[in-house]
Amino acid sequence: MKGGIFCAVSGHGYGHLSQIAPILDQLGTMNPDLRIMVAGNLDRGVVERFVHVRHEFDHGFRDIGLVQSDPMVVDLEATRFRYEAMQQNWEERVEAEMSRISAWSTSLVLVDIPCVTIAAAHRLGIPSVAVASLSWDHVIKAYFSLEDPAVMGWWRRMREHYAKVTLALHPEPAIVGDTFPRFEVIPPLVSRAQVRKESLRGALGIASDDRRPLVMINLGGMPSHAVPLEQIIQELRYHWLFKETELPSLNHVHSTAKVHQWPFEDVLASVDAVVSKPGYGTAIGAAARGVALLYVRRGRFPDEDPICNWLSRNARAREIDTETFASGRWHEAMQSLFHLTPPAPPRCDGAVVAAERIVTLMGR
């Protein structure tokens, strides 16, 4: 493989990064000399925790997705404002991306899933691969009306450039529609992880004879005001693991800050259960490692149905409604999860399949 890969990642949460990271790790393992650029509006420290092979990083805004103040709340007004602003300087954004791609001596562009990067690659005549369990045109259609001329403008431009991708890879469970004319469905994408249950409990200060289940609460890449912290910590039959750092000083309440140096995949693989939304990274990662999953839906996010349907066949998973979630009274649902018979581990070698297809494209 000559040249390098320019990989542009959506900064909307960490789900897109969690999908693309195992592909990059597989490519870097196959060829340690491969030059990899990871580009996106993400914190570099977070990228380092997900992408484990040698790479460089370019911090910059490339797509909008949805503007959210909380993992469970979409700010539609702010989202609309940003899309309209992006339309006004679209050409400048594409040209700037072309310059970045050219400077990297790129052989292939990999996206999950900024369409501005696809547009730049197409103009440069460089092959592109989109990794997409969903695409933003589906999201826009779910949250806005296409009868609005402005919205229809964003939507058409998005689909126009998505259609120019050389190949789209849809990791199961995915929305497979007419957005990408050339596509393949591949197995789920999951990063490698070490199961370190006892090490995690020790790092959190849990006594060796304290066998209460360890439950992680993680709704996404930002802290959530929707988490009913005060209600949760009244339940003493579990150890609770939060991403928040300012927590009550109780022996059954812990912060992931104590293991900030751990890859997220290792933490996820080492808890007994996780409470989350049905987002790709956490939901599929939990299922792949046999971790019980209690989840609450966000509402209109279009990939929730395929993910929840997949979970029903491949995971110990249970949905709770928003009222139950807000109450923090989860013991009954949690116990029902722990009594489920674990299904056979799902096939999750999508990174190997994706890397092989990318290598083939780079070799042409």
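Points worth noting:
- Restricting the range 262-310 to residues that are touching a helix residue (DSSP H, G or I) at 6+ places or on another chain (Cβ under 6 Å) and among the polar types (S, T, N, Q), the residue that is farthest from ASP321 (Cα to Cα) is SER270.
- Taken over the range 320-337, residues that are loosely packed, with under 12 Cβ neighbours inside 10 Å and either touching a helix residue (DSSP H, G or I) at 6+ places or on another chain (Cβ under 7 Å) or touching a residue at least 60 places away in the same chain (Cβ under 8 Å) (or both) amount to 1.
- Some residue of the range 16-23 being at pLDDT below 95, outside the structural domain of THR322 (by TED's automatic domain parsing), hydroxyl-bearing (Ser, Thr, Tyr) and touching a Ser or Thr at 6+ places or on another chain (Cβ under 8 Å): yes
- Of the numbered criteria (1) among the charged types (D, E, K, R); (2) buried (at least 17 other Cβ atoms within 10 Å of the Cβ); (3) under 19 Å from the mean Cα position of the chain (by Cα), the one ASP43 fails is (2).
- Flag for VAL190 being of a type outside the set (Ser, Thr, Tyr), touching a helix residue (DSSP H, G or I) at 6+ places or on another chain (Cβ under 9 Å) and not in a strand (DSSP E or B): yes
- Test: ALA257 is in contact (Cβ under 8 Å) with a residue 24 or more places away in the chain and of a type in the set (A, V, I, L, M): no
- Pair list, Cβ under 8 Å, 6 or more apart: the range 22-44 residue within 16 Å of GLY11 (Cβ to Cβ) and in contact (Cβ under 8 Å) with a residue 24 or more places away in the chain, other residue in a strand (DSSP E or B) and polar (S, T, N, Q): MET37/THR106
- Residue in the range 281-289 that is touching a residue at least 24 places away in the same chain (Cβ under 8 Å), surrounded by 22 or more Cβ atoms within 10 Å (Cβ to Cβ), touching a Leu at 6+ places or on another chain (Cβ under 6 Å) and not in a helix (DSSP H, G or I) present: no
- Qualifying residue in the range 228-240 (condition: assigned by TED's automatic domain parsing to the domain that holds ASN309 and closer than 23 Å to LEU42 by Cβ): no
- You will find that of ASP70, ASP33, ASP58, the residue that is more than 15 Å from the chain's Cα centre (by Cα), over 28 Å from VAL352 (Cβ atoms) and assigned by TED's automatic domain parsing to the domain that holds ARG157 is ASP70 and no other.
- In the range 291-319, the residues that are in contact (Cβ under 8 Å) with a residue 24 or more places away in the chain, of a type in the set (D, E, K, R) and assigned to a helix (DSSP H, G or I): GLU304, ARG313
- Number of the condition not met by PHE50 [criteria: (1) surrounded by fewer than 23 Cβ atoms within 10 Å (Cβ to Cβ); (2) touching a Ser or Thr at 6+ places or on another chain (Cβ under 9 Å); (3) closer than 14 Å to GLU265 by Cβ]: (1)
- Inspection of the range 201-214 identifies at least one residue that is in contact (Cβ under 8 Å) with a residue 12 or more places away in the chain, under 26 Å from HIS52 (Cα atoms), part of a loop (DSSP other than H, G, I, E, B) and not basic (Lys, Arg).
- Every condition in (1) part of a helix (DSSP H, G or I); (2) surrounded by fewer than 19 Cβ atoms within 10 Å (Cβ to Cβ) holds for ILE175 except the one numbered (1).
- Pairs with Cβ under 8 Å, 6+ apart, first in the range 77-99 and in the same structural domain as TRP154 (by TED's automatic domain parsing) and on the phi < 0 side of the Ramachandran plot, second among the hydroxyl-bearing types (Ser, Thr, Tyr) and part of a helix (DSSP H, G or I): THR79/TYR143; GLU97/THR117
The values are calculated or read from the model by the stated rules, or taken from the named source; none is laboratory data. Please read all numbers here as calculations on a predicted model, not as lab measurements. Note that each Cβ is placed from the backbone with ideal geometry, even for glycine, and that neighbours are counted across all protein chains shown.
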